[in-house]
């Protein structure tokens, strides 16, 4: 298995998706009554006809545009390639926001004269690399899902372009970039504890909106690079190229080709190909651990026993005293001791090897929101070393005394061929 091109710095994508049918009738994608808070400010969704990804994938660009326009309505703009070239100065490298498996992402600016009712704004324009790892199917999947789903914690798809071989997506511009950049880029300013909580809650609300629908949507690619941030650090989920409709009727799962990213994919999904909303919950737990520790889900530059974040962190998550050994040193003790412990216990539940033992998204949101007003900062409670040197000694001591934990994912021995990217 070859390593795919890393995403820098906008968002990361995965490989191709197998033939599947997407259901255009998203009028059923409304949260239950008990989840009214989650669906606040969600635009009502009209009744769309059934869209077949397989059928559209083999249609001409003209036919695809006609079908999408008929099914998705006037809220999604069908742009001409010449217009997108103009607003990005011919996809200039000076406007480059990032690149990955899909292709390149460029910043652009549309004015009020480009389309009727389209306000002047900055946009992110994602251009498909026809020789890249991802292709037309992922582009189409994104148009179908984001063209019909609206929520404050999902990135807004403004429009698309399908001309001959060219495939382009136009999103609202997210000025703070991805959560991945803020957590792992050395030059970025460390995210404050309160901001990390805010991001976790926002991302959780985005997932909850997808999960609580009568016919749920499984995101399947939840990770820090797909959590984008606006100017106020509000989190929005992006990249729906791997999303799947959840099981219908009496079915308990969707069986599909194993796709995803090392370190984030739920172990039962990797071993069986059975996909459920609980697969997303596992991935969410991994991101919670990344927020707590400042470490990547999978980091092959670290010693072997520390490469898989879940395996490494589990022994430390049940004790406040041990928790300080794995907390992100960039927080410098400016985090709630009780809050960190509660988030750690929540993460531990989310990454349970038993899918039934993982909490649902509404319960996760409720737990995280309770932590927002805790003020027991570790540095003022004597829970954090005063000096950087003593902090390094504490972490080194913790590593030396670490006990082995065998409950992690053993990718090498997975019974199926895993098509995951490192």
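Can you tell me which residue is modelled with the highest pLDDT among those in the range 237-258 that are over 11 Å from the mean Cα position of the chain (by Cα) and part of a strand (DSSP E or B)?
Of everything passing the filter in the range 237-258, 244 is modelled with the highest pLDDT.
Out of curiosity, is residue 379 at pLDDT below 85 and surrounded by 15 or more Cβ atoms within 10 Å (Cβ to Cβ)?
Criteria not met by residue 379.
State yes or no: is residue 151 under 30 Å from residue 216 (Cα atoms) and over 20 Å from the mean Cα position of the chain (by Cα)?
Answer is no for this residue.
With the range 119-236 as the region, which helices (runs of 4 or more DSSP H) entirely inside it contain at least 1 residues that are modelled with pLDDT under 85?
In the range 119-236, the matching helices (runs of 4 or more DSSP H) lie at 136-146.
If I filter the range 332-346 for residues that are touching a strand residue (DSSP E or B) at 6+ places or on another chain (Cβ under 7 Å), crowded, with 20+ Cβ neighbours inside 10 Å, in the same structural domain as residue 272 (by TED's automatic domain parsing) and not in a loop (DSSP other than H, G, I, E, B), do I get at least one hit?
yes
Looking at the range 273-310 only, could you name the residues that are closer than 23 Å to residue 361 by Cα and more than 19 Å from the chain's Cα centre (by Cα)?
Once the filter is applied, which keeps residues that are closer than 23 Å to residue 361 by Cα and more than 19 Å from the chain's Cα centre (by Cα), the range 273-310 yields 273, 274.
Out of (1) closer than 20 Å to residue 318 by Cβ; (2) touching a helix residue (DSSP H, G or I) at 6+ places or on another chain (Cβ under 6 Å); (3) part of a helix (DSSP H, G or I), what's the single condition that is false for residue 269?
(1)
Tell me, which residue of the range 95-118 that is within 24 Å of the chain's Cα centre (by Cα) and outside any strand (DSSP E or B) is modelled with the lowest pLDDT?
Ranking the candidates gives 101 first.
The values are calculated or read from the model by the stated rules, or taken from the named source; none is laboratory data. On a predicted model such as this, the values are computed, not experimentally measured, just so you know. Cβ sites come from the backbone with ideal geometry, for glycine too, and all protein chains shown count toward neighbours.
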